[in-house]
Amino acid sequence: MSAERGASDSVDDETERMLRAAAPAALAILVRTTGDFDGSEDAMQDALVAAATQWPDDPPQNPRAWLVAVARRRYVEQVRADVARRRREERAFGLEPPGGRGLEASDTLSEASDVDDSLALLVLCAHPAVARPSQVALTLRAVGGLTTAEIARALFVPEKTIGQRISRAKARIRAAGATFDPPADRAELADRLATVFTVLAVIYTEGHTASSGESLVRVDLSSEAIRLTRMLRQATPVDASWRAEVDGLLALMLLTEARRPARLRAGAGTGAFPMPELVPLAEQDRSLWDASLVAEGVALVEGALGTGHPGPFQLQAAIAAVHDEAQSTDATDWREILALYDLLRVVGPGPMVELGRVVAVAMVHGPDAGLHALESVALEPALAGHFRVHAVRGHLLERAERPDDARTSFATAASLALNAAERRYLEAKAAALSH
């Protein structure tokens, strides 16, 4: 659920969790039954506002069905009002979308809400009438439930630009008369799936490390991303050209998710409820990692790489696998990781790829080499003012035994971090170097 949808910012955590879990699938159902993406999203926004008001006192047994019912009523009201102006009585009362069946009065609530159309909605948002950047923004909003601000931070784009992209995307889908049916042409489907992969990765990343707020993780988002990716893999033919990249994406999520139990520890504060502390990879108790997820992820990425044409998510998963299979940070094969990053910056370049490579360079060639590589990476426009640049610099300066400079970098990073857990960790690093 997002602030743009008009719900109160004071919604309790349980209601927020229920809304985030149910809203994307509910929207997908409404789009399927009406054939109208824009009108369905407007109706769903109204339903979310009603839910934010009513659910805290009277939570529904079936949140998705509740949203579908309320949004459907609102959609009917919208269409009838439009018909009154445009005299389209037949479509108003039949709700028959172009090429679709529509919602009939005889449909039961369970029949409308039991089918999970999330994947179909993902593919619809990636319609070729919409430019790729706008496809990603719209899908993150409609399926991922991310706010405009969260999408902007994830994509390193100004918030205003994201809002414009979402508006343009909805307008173009409406103008194109897009239907809920997936494209029959495999080439077009493969092109759309490139957007779907990106969206699922961003949803998972926001769940794994929230870009803002008090909590480091948002399990609802990471779990949903994994669930959708598993669904996508199940629906993908084994011989499909994109199957290896689906496997790579799922492997990346699983190998990253495996470390979650060790990423936080109880805070050492003196208050009644000390805030949990972030534990960096190098300090994590690896016995807490989920061995079953590691095994599944490694098997997936090994099978994917065996196809001989590694995509960006396969390479990212391979890097994660090297980390997960090592007994410690020092025992990690950093030369292999650096080689994988060198491949990744060709196949799937990006600012975070470059920043990750800087760390690998430092581990292989020393902190001074890492600092030298960071100088050019920090000039990337997308990384201007990003706290992670200063955090990486702080770690490299600490390793180079330059504590005063490291303290300054950590303090700067802390001032820029929007996530409370990351900010506390960086503040603690700066404070430790003051002694």
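Per DSSP helix of 4 or more residues, -39500 (n - 2.57); summed, then divided by the residues of the chain. What does that give at 222 nm, rounded to the nearest 500?
Details: 20 runs with 284 residues, N = 435.
Using -39500 (n - 2.57) per qualifying helix, the result is -21000 deg cm²/dmol.
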Exercise. Looking only at 120, 382, 240, which one moves most when the chain is put into a Gaussian network model with springs between Cα atoms under 10 Å?
Worked result: 240
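Mind giving me the FRET efficiency for residue 339 and residue 241? R0 is 30 Å, r the Cβ-Cβ distance, nearest 0.05 is fine. Spell out each step's value before the answer.
Numbers: r = 25 Å, r/R0 = 0.84.
My answer for the efficiency is 0.75.
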Seminar exercise, completed: Stretched fully, the stretch from residue 234 through residue 434 gains (0.36 nm per residue minus C-alpha distance, one decimal, in nm) 66.7 nm
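Below 15 angstrom from the Cβ of residue 310, what's the summed charge of the other residues (Lys, Arg +1; Asp, Glu -1)?
Numbers: positive: 243, 345; negative: 245, 247, 302, 336, 342.
It works out to a net charge of -3.
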Exercise. Relative to the first principal axis of the alpha-carbon coordinates of the chain, what is the inclination of helix 334-347, with its axis defined by its Cα atoms, in degrees from 0 to 90 and to the nearest 10?
Worked result: 40
Exercise. Can you give the accessible area of residue 70, probe radius 1.4 Å, in Å² rounded to 10?
Worked result: 30
For this session: Among 222, 28, 295, pick out the residue whose Cα is farthest towards the positive end of the charge dipole of the chain, where Lys and Arg carry +1 and Asp and Glu carry -1 on C-beta, about the Cα centre.
Result: 28
Seminar exercise, completed: With the 8 Å Cα cutoff and a minimum separation of six or more residues, the stretch 263-366 has a relative contact order in percent of 19
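Given 0.36 nm per residue, what is the gain on full extension from residue 307 to residue 131 after removing their alpha carbon distance, in nm? Intermediate values should be presented prior to the final figure.
On the way: separation 176, 0.36 × 176 = 63.36 nm, distance 2.98 nm.
Once the chain is fully extended between residue 307 and residue 131, it gains 60.4 nm.
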For this session: Quick one: among 267, 145, 394, which has the greatest mean-square fluctuation in a GNM of the chain with alpha-carbon springs under 10 angstrom?
Result: 267
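Say a site is exposed when it is one of the trypsin sites (Lys or Arg not before Pro), sits in a DSSP loop, and has at most 14 other Cβ atoms within 10 Å; what is then the longest site-free stretch of the chain? Walk me through the intermediate numbers first.
Values: sites that count: 87, 88, 101.
Value returned for the longest uninterrupted segment is 102-435.
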Exercise. How big is the equivalent ellipsoid of the stretch 318-381 along its three axes, where each semi-axis is √(5λ) from the Cα gyration tensor, reported in whole Å from largest to smallest?
Worked result: 20, 15, 8
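If you add up the charges near residue 247, with Lys and Arg at +1 and Asp and Glu at -1, over every other residue whose beta carbon is less than 14 angstrom from its beta carbon, what do you get?
Numbers: positive: 230, 233, 243; negative: 239, 245, 296, 302.
For residues surrounding residue 247, the net value is -1.
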Exercise. Just one of [x] 23.0, 84; [y] 28.2, 83; [z] 23.3, 77 is Rg and Dmax of the Cα atoms in Å calculated from these coordinates, so which is it?
Worked result: [z]
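R0 = 41 Å: FRET efficiency of residue 76 with residue 418, Cβ-based, nearest 0.05?
My answer for the efficiency is 0.50.
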For this session: Rounded to the nearest 10 degrees, what's the angle between the helix 243-257 long axis and the longest principal axis of the chain, both from Cα atoms, 0 to 90?
Result: 60
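Given charges of +1 on the Cβ of Lys and Arg and -1 on the Cβ of Asp and Glu, with all other atoms neutral, how large is the dipole of the stretch 148-216 about its Cα centre, in debye to the nearest 20?
Values: 9 positive and 8 negative charges, 72 e Å.
Value, rounded to 20: 340 debye.
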Exercise. What is the distance, in nm, between label points placed 7 Å from the Cα along the Cα-to-Cβ direction at residue 283 and at residue 212?
Worked result: 2.7
For this session: Please build a GNM for the chain, connecting alpha carbons under 10 Å apart, and tell me which residue among 343, 379, 293 fluctuates the most.
Result: 379
Exercise. Using a simple spin-label model with points 7 Å from Cα along the Cα→Cβ vector, what separation in nm is obtained for residue 53 and residue 164?
Worked result: 3.5
Exercise. Which percent of the accessible area of the stretch 269-340 is formed by carbon and sulfur heavy atoms (probe 1.4 angstrom)?
Worked result: 57
Exercise. Nearest 10 degrees, 0 to 90: what angle lies between the long axis of helix 291-305 and the longest principal axis of the chain (Cα atoms)?
Worked result: 80
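The values are calculated or read from the model by the stated rules, or taken from the named source; none is laboratory data. Predicted model only: the values in this text are computed from it and were never measured. Cβ: placed from backbone, ideal geometry, glycine included. Neighbour counts: every protein chain shown. Ligands, DNA and RNA are excluded from the accessible area calculation, which covers all protein heavy atoms including side chains. Shrake-Rupley method; radii C 1.70, N 1.55, O 1.52, S 1.80 Å.
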